[in-house]
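The values are calculated or read from the model by the stated rules, or taken from the named source; none is laboratory data. Here the structure is a predicted model, which means the values were calculated and not measured. Virtual Cβ from ideal backbone geometry, glycine too; neighbours counted across all protein chains shown.
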Amino acid sequence: MSKLRVLFVTSEVYPLVKTGGLADVSYSLPKDLRELGVDARLLLPGYPSVLDQLSLTCIYEKLSLFSTLEPVRLLKGVLPEGDIPIYVVDCPKLYARPGDLYQDDAGNDWADNALRFGALSKSAAVFGNQQLSFQPQIIHCNDWQTGLTPAFLAYSQPPSPTRTIMGVHNLAYQGVFEPKTMDLLNLPKAAFGINGVEFYGKMSFLKAGLFYANWVTTVSPTYAQEIQTNQFGCGLAALLTQRQHQLAGILNGIDVEAWNPSTDTHIDYHYTSANLINKSYNKQALRERLNLAPLEDTALIGMITRLTQQKGIDLLVPVLHDIIREGAQLVLLGSGDKTLKNSLLELARAFPDKVSINIGYDENLAHQIIAGADMFLMPSRFEPCGLTQMYAMRYGTVPIVRNTGGLADTVTDTTPAHINDQTATGFLFTEEEPEKLLRCVQRALLVFRDRATWQKLQFNGMSTDFSWHKRAQQYVNLYHNILALKS
């Protein structure tokens with residue numbers, strides 16, 4: 001029986017280039033798909049860091065995508081980590097530049113992002129039209145940067161036999177551009193309508209993917225339900241409700257090799273659920289590194305987050321003083337909104353031995369916070385999946401989260417019933433109110449003082465399987481179901 005052939009199209013992949021969780025998924029999912037016997041391959045833009053890190057050969061010297069763009073080169077190599085075949089769209093005019101993948105150094109979106117990621121989408125469509133030696137049965141698109149692929153295939157002649165999936169990692173990012181972009185990307189005028197790419201008078205790459213793909217996936221079952229509501233639908237709730245029978249929420253997994261407290265090279269003391277004493281040594285080391293007081297029986301709360309309203313930081317700031325007075329310390333790593341940052345830094349100055357605010361990102365410190373904290377706080381207003389709460393549980397660090405998206409799907413609230421049936425792993429609150437966040441933290445601090453119950457929560461979290469293996473099997477099942485659909 002021949003292998004299932006899948007092209008995984010993405011704008012970033014770990015370890016070549018990364019701005020967020022999409023890069024981790026783009027590495028881990030294809031790797032596990034290949035372990036399950038799927039011929040999964042990657043397609044991404046030829047950023048300088050990608051070209052520098054891979055050994056590549058040219059398989060198509062002059063691939064014509066648009067009349068408005070000079071032909072590009074299509075390169076092929078292998079991602080050594082995971083042994084994954086990878087195709088690269090080489091076009092220095094579009095991808096060889098400093099700054100972020102999506103923005104310049106001043107934080108402004110690149111003016112030609114429509115052409116940059118239109119070229120990525122059209123390159124994927126070339127594979128879908130069976131024009132190259134690798135002929136995928138499924139093209140798995142990811143976020144707005146790849147959303148035009150299903151649209152290009154919908155208008156291809158002769159019709160393409162390739163099926164498409166539109167994977168949504170965060171519905172809030174939609175790739176919205178002026179209508180004139182249609183001409184730039186050689187899209188037919190018929191595509192610009194409510195049943196197409198049109199979105200409130202403009203065109204949206206993401207809407208194109210949601211409308212034209214054979215199936216839509218997102219990164220948790222709860223988020224799949226939430227995005228069908230006006231509160232979380234970002235203007236696309238009606239379309240997603242219309243497509244609810246072709247919409248699946250499959251939880252992300254985590255890299256259980258990179259995030260393993262028994263082997264983690266970033267932390268001072270390795271441990272398992274059988275020797276949690278070493279976790280307390282990591283707590284001591286973290287306090288020493290950040291000049292926090294070694295207060296006995298005081299809970300250390302960790303956070304690794306963007307400083308934004310989406311992440312609920314504005315819910316935390318008004319009650320952080322109260323949380324510290326309740327007998328807790330806080331260590332936070334992150335960057336973002338200047339006003340929120342300044343409020344947090346002011347609190348750190350008021351409580352220098354109890355609050356440590358670290359602006360930026362540091363991989364070593366991230367692992368040390370996950371290992372050294374007693375609790376991990378994620379008060380997100382919405383969270384499509386979330387990965388750090390899963391890292392935390394794997395390290396015996398008990399999460400305190402808002403009851404939304406993937407947080408609701410991965411954390412089981414500590415109620416008497418859940419303690420008794422040994423499923424409790426953390427603490428949840430629902431209302432988007434600072435007072436409710438405070439009450440939830442107070443509840444966690446109360447249980448923290450009951451060492452036997454607390455250790456049960458730690459053990460339950462550390463015993464949960466967050467690996468990609470079973471998630472990858474769910475995708476394999478979905479791929480087969482999509483191929484069985486009638487044209």
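What to note about this one:
- Within the stretch 279-289, the presence of a residue that is modelled with pLDDT of 95 or more, crowded, with 18+ Cβ neighbours inside 10 Å and assigned to a loop (DSSP other than H, G, I, E, B) is excluded.
- Some residue of the stretch 180-191 being more than 22 Å from N481 (Cα to Cα) and small (G, A, S): yes
- For A452: the one exception among (1) in contact (Cβ under 8 Å) with a residue 24 or more places away in the chain; (2) in a helix (DSSP H, G or I); (3) not hydroxyl-bearing (S, T, Y): (1)
- Considering the stretch 180-208, and only residues there that are among the basic types (K, R) and in contact (Cβ under 8 Å) with a residue 12 or more places away in the chain, the residue that is farthest from V411 (Cα to Cα) turns out to be K202.
- Hey, K31 surrounded by 15 or more Cβ atoms within 10 Å (Cβ to Cβ), of a type in the set (D, E, K, R) and touching a residue at least 40 places away in the same chain (Cβ under 8 Å) or not: yes
This table checks each residue for (1) outside the structural domain of G209 (by TED's automatic domain parsing); (2) in a loop (DSSP other than H, G, I, E, B); (3) in contact (Cβ under 8 Å) with a residue 24 or more places away in the chain; (4) surrounded by 18 or more Cβ atoms within 10 Å (Cβ to Cβ).
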| residue | (1), (2), (3), (4) |
| --- | --- |
| P98 | no, yes, no, no |
| L115 | no, no, yes, yes |
| H140 | no, no, yes, yes |
| L153 | no, no, yes, yes |
| P158 | no, yes, no, no |
| A172 | no, yes, yes, no |
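- Set A237, A213, A248, A258: member being among the aliphatic types (A, V, I, L, M) and under 30 Å from T272 (Cα atoms): A258
- Test set (1) of a type in the set (S, T, Y); (2) crowded, with 21+ Cβ neighbours inside 10 Å; (3) more than 22 Å from the chain's Cα centre (by Cα) - S121 fails condition number: (3)
- Set Q131, Q137, Q157, Q103: member being more than 17 Å from V13 (Cα to Cα), in contact with a strand residue (DSSP E or B) (Cβ under 7 Å, 6 or more places away or on another chain) and modelled with pLDDT under 95: Q103
- Enumerated strands (runs of 3 or more DSSP E) restricted to the stretch 33-84, each holding at least 2 residues that are out of contact with any Lys or Arg (no Cβ under 8 Å at 6 or more places or on another chain) and modelled with pLDDT of 95 or more: 39-45, 72-79
- Note on the stretch 209-234: among residues that are touching a residue at least 24 places away in the same chain (Cβ under 8 Å) and over 21 Å from the mean Cα position of the chain (by Cα), the one that is surrounded by the most Cβ atoms within 10 Å (Cβ to Cβ) is F211.
- Taken together, the residues in the stretch 175-214 that are assigned to a helix (DSSP H, G or I), of a type outside the set (V, I, T) and out of contact with any Cys (no Cβ under 6 Å at 6 or more places or on another chain) amount to 13.
- Condition broken by I254, with the remaining ones in (1) at pLDDT 95 or above; (2) of a type outside the set (K, R); (3) within 20 Å of D143 (Cα to Cα) satisfied: (1)
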